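Working notes, beginning with the structure itself.
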Amino acid sequence: MATLKPIDLSGLHDERLASSVRAQIAEACETNGFFQVINHGVPVELMDKLKEVGRKFFDLPKHEKLVYAGKPVLGAEGYGSRMVLTDSEPQFWREFVELHTLPLSERHYNYWPQQPAEFHETMEKYTAAVLDLAHRLLSVISENLGLKPTYLKEAMGETQQSTVFQCYPPCPEPGKTLGLPAHSDIGGITILMQEGDGLQVAAANDTWELVPNHPNAFVVNLADQIEIITNGRYKSANHRAIVNSDSTRRSYVTFYYPAKDQKIIPAPELVDAKVGPLYRELYYLEYLQALEAGRAKDKRLVQSFAINNPLVT
Ligand SMILES: O=C(O)CCC(=O)C(=O)O
Ligand SMILES: [Fe+2]
């Protein structure tokens, strides 16, 4: 499992190893689109620094964090918290800060914490390094599919990027809630680092498989728009975050996704001429609207864009 044994990306620069690394990425993408990477080119000191500024922010008194409170609407930015225990629907047990970083015009600095003082500079450096990693991964993934290296990047148009700092405090009754309920990511590709175990990905027979925390590794997962663009060759897997009773867990999640007016189309090269495309064309805005209208409980959101096809489950 590529989530258990991280893929060593340094091999991409070594002629003798590159094809094996590419094959490992292809296999992970075909399995469930979840894998971990090490030696990925993002400096470890920068990863540690982002974790440090995140931790220092969450450790501030509540009233100082509320200065950055976001509005409860889709695509909102800023600080928020939801701590719900219930016997019925899975709920949230988390604090978070969500910040847009790209395009530059979407950086709303009023939501960016002023404390700790190094927050802004660290965010800027970290998200630039993670953007570069996203582009390198998208290029390998495109080539693995027989497409030109820039295919997936271009298919998503002008890059949008945001980072969510997630903080899951200890929970007195972890069986009665979830950090984050099951979902697939709606954008293109997600790059996450975690502190502590708690991320789980859907496995066979309605079970959940832990994505173990490897220090200095990133967890990469493919999201819904990649599923559509690859015409279902690569799936966007459901995942969730569980909580525990004795320690705080944090994760730092960077989303890469299309602009609202970007048209998303299954790559013609990946469409079987006899079967036709498995998903319909859409503008990304329609996807956001479908999300806002509510996810169907028993199916993944991306299935509502499938063209009546039993191959899309
Ligand atoms: O905290 C985690 O490990 C999962 C976060 C996640 O899935 C998300 O933010 O979309
Ligand atoms: Fe997610």
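How fast does the chain diffuse by Stokes-Einstein, in µm²/s, taking the Kirkwood radius from C-alpha pairs at 4 °C and 1.567 mPa s? Numbers along the way, then the final one.
Working: Rh = 20.0 Å.
Translational diffusion coefficient: 65 µm²/s.
Please give the charge dipole size of the chain, origin at the Cα centre, charges +1 on K and R Cβ atoms and -1 on D and E Cβ atoms. Round to the nearest 20 debye.
Working: 31 positive and 39 negative charges, 69 e Å.
Charge dipole, the chain, about its Cα centre: 340 debye, nearest 20.
Along its principal axes, what span do the Cα atoms of segment 189-277 show, with the longest given first and each in whole Å?
54, 33, 21
Under Stokes-Einstein, with the Kirkwood radius over Cα pairs standing in for Rh, what whole-number D in µm²/s applies to segment 1-142 at 10 °C and 1.306 mPa s? Walk me through the numbers on the way to the answer.
Values: Rh = 17.8 Å.
The Stokes-Einstein estimate is 89 µm²/s.
What trypsin sites (Lys or Arg not before Pro) does segment 223-313 have in DSSP loop regions with at most 13 other beta carbons within 10 Å?
Answer in residue order: Lys274, Lys297, Lys299.
Using θ = phi - 60° and the Karplus curve 6.51 cos²θ - 1.76 cosθ + 1.60, what whole-Hz ³J(HN,Hα) does each residue of segment 95-111 get, with Gly and Pro shown as x?
Going residue by residue, I get 10, 7, 10, 10, 9, 7, 10, 9, x, 4, 5, 9, 7, 9, 5, 5, 8 Hz, with x marking Gly and Pro.
Got a sec? Charge dipole of segment 181-313, +1 on Cβ for Lys and Arg, -1 for Asp and Glu; which of Gly198, Ile264, Ala241 is way out at the positive end?
About the Cα centre, the residue reaching furthest to the positive side is Ile264.
Based on the Cα coordinates of segment 95-190, what is the per residue volume of their convex hull in Å³? Don't skip to the end; give the middle numbers.
Values: hull volume 12.6 nm³, N = 96.
Enclosed volume per residue, from the Cα hull, is 131 Å³.
Round to the nearest 10 and give me the degree value, 0 to 90, for the angle of helix 284-293's Cα axis relative to the longest principal axis of the chain.
Helix 284-293 and the main axis of the chain meet at about 50 degrees.
May I ask for log10 I(q)/I(0) of segment 130-271 at q = 0.11, 0.17 Å⁻¹, from a Debye sum over the Cα atoms as equal point scatterers with solvent left out?
With one equal scatterer per Cα and no solvent, log10 I(q)/I(0) is -0.45, -0.95.
In this model, which of Lys235/Lys263; Lys148/Lys235; Lys56/Lys153; Lys65/Lys125; Lys263/Lys299 are farther than 25 Å apart at the alpha-carbon? Working shown, then result.
Values: Lys235/Lys263 19 Å; Lys148/Lys235 20 Å; Lys56/Lys153 34 Å; Lys65/Lys125 23 Å; Lys263/Lys299 23 Å.
Long pairs (Cα-Cα over 25 Å): Lys56/Lys153.
On a 0 to 90 degree scale, rounded to 10, what angle separates helix 119-144 from the longest Cα axis of the chain?
Relative to the chain, helix 119-144 is tipped by roughly 20 degrees.
Quick check on the chain: helices-only [θ] at 222 nm, where DSSP H runs of length 4 and up contribute -39,500 (n - 2.57) each and the sum goes over total residues. Nearest 500, please.
When only DSSP H runs of four or more count, the value is -8000 deg cm²/dmol.
Each reported figure results from applying straightforward, stated rules to the coordinates on display, with no laboratory input. Remember, it's a predicted structure, so these values are computed and weren't measured experimentally. Here the Cβ is made from the backbone with ideal geometry for all residues, glycine too, and neighbour counts use every protein chain on show.
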